[in-house]
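The values are calculated or read from the model by the stated rules, or taken from the named source; none is laboratory data. Predicted, not measured: the structure shown is a model, and the values here were computed from it. Every residue, glycine as well, gets a Cβ built from its backbone with ideal geometry; the counts of neighbours run over all protein chains shown.
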């Protein structure tokens with residue numbers, strides 16, 4: 001289904017793939033002829049064709065667990081007016097998970113900010129963030145920056161990038177997104193998918209083929225080939241939104257009449273233009289996908305890449321599910337009791353407890369239409385299996401209602417709910433303990449469905465396409481491939497109705513009103529004081545994690561914690577709570593001791609550690625540090641880093657950062673992103689110290705590595721740390737202590 005071609009290739013006239021470089025222009029020259037470079041270069045403020053790019057975006061997107069922090073940071077840094085269209089949707093905290101006024105206070109703040117600074121405010125339950133972007137914000141050839149990792153609109157000719165809030169703050173202050181000129185990977189689509197195969201099947205196969213090896217990490221995926229024309233827009237969008245899970249930087253597709261039709265029915269024909277590679281375009285690698293051989297897929301816990309065909313699961317369910325059980329025990333130990341093999345019936349079938357179709361990937365018109373067709377005149381029954389569907393926007397909801405799709409789904413026992421991202425991050429439809437949920441959503445990371453292993457709970461999510469979820473529901477909860485059922489989808493095509501947006505969305509771009517007062521609820525708090533980097537750095541390890549990958553959901557849990565995103569101190573109480581429960585207490589103790597040191601009362605343990613390396617407490621900061629093998633896979637949420645900083649975190653140490661966005665978040669919050677060489681054995685424990693002499697001079701002076709000391713109860717050992725690929729601005733941000741301090745220092749000058 002998916003073939004990885006590691007060597008560079010040339011694409012001639014958009015139709016012919018050539019592996020032989022004879023007679024071809026140099027790769028650097030021909031890479032400029034990709035769609036990717038055409039868009040990136042047009043947004044690079046330097047206007048050169050160099051190896052570095054400084055990008056300004058055309059528009060931005062945030063939702064209601066990120067926009068308050070972004071605006072608060074930008075306000076503290078001198079924000080006067082939004083310089084570009086900035087849409088704030090309310091699709092994450094639209095269900096109050098903790099009670100009280102917290103969530104709606106954030107929404108009121110968001111509307112007041114849109115009025116004051118000239119923004120776009122989309123009220124709760126009107127649309128999930130990425131569907132609103134598709135319907136109202138994208139333009140061919142443009143770039144959108146979003147504070148959500150699934151900011152992907154390449155299938156509509158608009159490059160999308162998901163980053164932490166600090167990068168959005170930079171754009172609001174007319175700064176740039178700075179990157180190395182990326183490699184580009186050609187994704188060549190051939191054939192046509194057969195009935196029953198949906199976008200999630202293709203996406204899961206793509207993630208399975210690329211994630212573990214890092215084949216496309218921080219590269220741009222460019223989709224082309226004869227198979228593109230065989231995919232409707234919703235199908236393309238469904239693949240594109242999941243490219244985030246490959247760890248690629250962004251994505252872009254060729255555009256055609258199907259894309260043109262999207263802009264026409266959304267009343268924006270002027271925003272369409274044809275995008276295609278130049279006559280000779282070079283790609284650093286290639287992925288070939290034969291759509292005609294694609295099968296119905298299932299991605300088992302705890303990652304979209306842990307994938308099998310449904311037929312493979314059906315053929316060997318006990319062994320495959322037992323592997324998931326073993327993985328669960330490795331992650332959580334004896335905190336939970338998992339029994340997934342219990343889902344296998346006596347006749348070898350696998351039973352699910354819940355089906356969910358939701359969010360930016362699942363709740364599309366075409367997915368709901370196909371699901372209704374498969375389930376027509378059937379019932380999910382009155383046993384343990386339940387099902388919910390969330391149309392991804394009110395316009396999609398209205399269209400499904402008018403076409404009869406909603407009625408057909410309701411008749412089966414499926415519950416229809418408003419536009420909401422909750423099932424994607426654990427704030428809605430949390431399964432029962434030991435429940436198995438099958439979902440057409442974006443992720444199935446540990447705890448992301450909302451369970452709390454620290455309290456003895458565990459539930460598990462497998463990703464499947466809406467079509468196979470519907471086939472499963474129609475089969476009483478027995479996991480079934482949609483390719484194995486016969487159905488006919490005769491619903492009318494999607495037609496967009498803009499009325500609800502015209503009536504409910506506040507569009508204030510270009511109409512800033514400085515006299516408007518921001519409306520604060522009691523949970524909305526300013527960021528605490530953060531200190532400049534000192535000459536030397538003493539770190540105490542507060543968490544040591546040897547898991548292959550540590551997700552942002554583990555660094556700061558999603559779900560009910562999202563309601564506290566506007567309160568830095570309150571939110572920080574949840575940092576690493578589901579992975580290293582003792583982390584918060586240790587970090588608070590370390591932070592308190594640093595405040596004592598700053599007051600001239602050096603704690604005994606700090607004094608003893610510094611004495612072993614001959615250092616002075618007056619010019620040596622003391623902060624907490626996290627070690628993890630490969631941290632930061634998943635969400636763009638900056639709180640995974642800001643919570644560490646709020647608790648006094650000064651650095652992270654790892655072998656590599658799973659995503660650029662998490663590393664950028666660390667830098668913007670003044671956390672030094674140290675790495676160590678692959679052959680270095682990190683055998684140290686919480687409570688051990690790492691002393692980094694001359695770190696400020698090294699950072700400011702442009703160095704990329706430094707010798708440090710690890711102070712353990714068994715003596716002092718050497719360790720070599722790297723901090724490579726930092727821009728001059730990033731070095732200054734680290735030296736100043738965080739992005740806010742950086743802008744404050746600029747104002748003083």
Next on the checklist: Show me the helices (runs of 4 or more DSSP H) found entirely inside segment 246-357 where at least 3 residues are in the same structural domain as residue 448 (by TED's automatic domain parsing), modelled with pLDDT under 95 and under 28 Å from the mean Cα position of the chain (by Cα).
Outcome noted: 317-332
Checklist outcome for this item: residue 123 passes all but one of the listed conditions (1) under 19 Å from residue 392 (Cα atoms); (2) touching a strand residue (DSSP E or B) at 6+ places or on another chain (Cβ under 9 Å); (3) buried (at least 24 other Cβ atoms within 10 Å of the Cβ); the exception is number (3)
Item to check | Options 99, 166, 118: the member that is more than 26 Å from residue 358 (Cα to Cα) and modelled with pLDDT under 95 | outcome: 166
Next on the checklist: Out of 594, 547, 553, I need the residue that is crowded, with 18+ Cβ neighbours inside 10 Å, touching a residue at least 40 places away in the same chain (Cβ under 8 Å), under 24 Å from residue 336 (Cβ atoms) and not assigned by TED's automatic domain parsing to the domain that holds residue 244. Which one?
Outcome noted: 553
Checklist outcome for this item: Going through (1) at pLDDT 95 or above; (2) surrounded by fewer than 17 Cβ atoms within 10 Å (Cβ to Cβ); (3) at positive phi one by one, residue 629 fails only at (3)
Next on the checklist: Given the options 600, 585, 559, name the one that is surrounded by fewer than 17 Cβ atoms within 10 Å (Cβ to Cβ) and on the phi > 0 side of the Ramachandran plot.
Outcome noted: 600
Item to check | Matching residues, segment 682-722, being touching a strand residue (DSSP E or B) at 6+ places or on another chain (Cβ under 6 Å), without any contact (Cβ under 8 Å) to a residue 60 or more places away in the chain and farther than 28 Å from residue 732 by Cα | outcome: 717
Item to check | Matching residues, segment 632-650, being touching a strand residue (DSSP E or B) at 6+ places or on another chain (Cβ under 7 Å) and modelled with pLDDT of 95 or more | outcome: 644, 647, 648, 649, 650
Next on the checklist: If a residue must be part of a strand (DSSP E or B), touching a strand residue (DSSP E or B) at 6+ places or on another chain (Cβ under 8 Å) and farther than 15 Å from residue 222 by Cβ, how many such residues does segment 13-33 contain?
Outcome noted: 1
Item to check | Residues that are over 25 Å from residue 501 (Cβ atoms) and crowded, with 20+ Cβ neighbours inside 10 Å, drawn from segment 397-418 | outcome: 408, 412, 414
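Yes or no, residue by residue, for (1) touching a residue at least 24 places away in the same chain (Cβ under 8 Å); (2) in contact with a helix residue (DSSP H, G or I) (Cβ under 7 Å, 6 or more places away or on another chain); (3) not assigned by TED's automatic domain parsing to the domain that holds residue 287:
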site: 8; (1), (2), (3): yes, yes, no
site: 14; (1), (2), (3): yes, no, no
site: 19; (1), (2), (3): no, no, no
site: 22; (1), (2), (3): no, no, no
site: 25; (1), (2), (3): yes, no, no
site: 33; (1), (2), (3): yes, no, no
site: 37; (1), (2), (3): yes, yes, no
site: 42; (1), (2), (3): yes, no, no
site: 47; (1), (2), (3): no, no, no
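Condition check ((1) surrounded by fewer than 24 Cβ atoms within 10 Å (Cβ to Cβ); (2) within 20 Å of residue 304 (Cα to Cα)) across all residues:
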site	(1), (2)
181	yes, no
208	yes, yes
239	no, yes
242	no, yes
260	yes, no
Item to check | residue 79 vs. criteria surrounded by fewer than 23 Cβ atoms within 10 Å (Cβ to Cβ), under 29 Å from residue 149 (Cβ atoms) and in contact with a helix residue (DSSP H, G or I) (Cβ under 6 Å, 6 or more places away or on another chain) | outcome: yes
Next on the checklist: Considering only residues that are buried (at least 24 other Cβ atoms within 10 Å of the Cβ) and part of a loop (DSSP other than H, G, I, E, B), which ones fall in segment 446-471?
Outcome noted: 446, 447, 448, 449, 451, 458, 459, 464, 465
Checklist outcome for this item: When every residue in segment 605-615 that is free of Cβ contacts under 8 Å to residues at least 60 places away in the same chain and under 25 Å from residue 529 (Cα atoms) is compared, the one surrounded by the fewest Cβ atoms within 10 Å (Cβ to Cβ) is 607
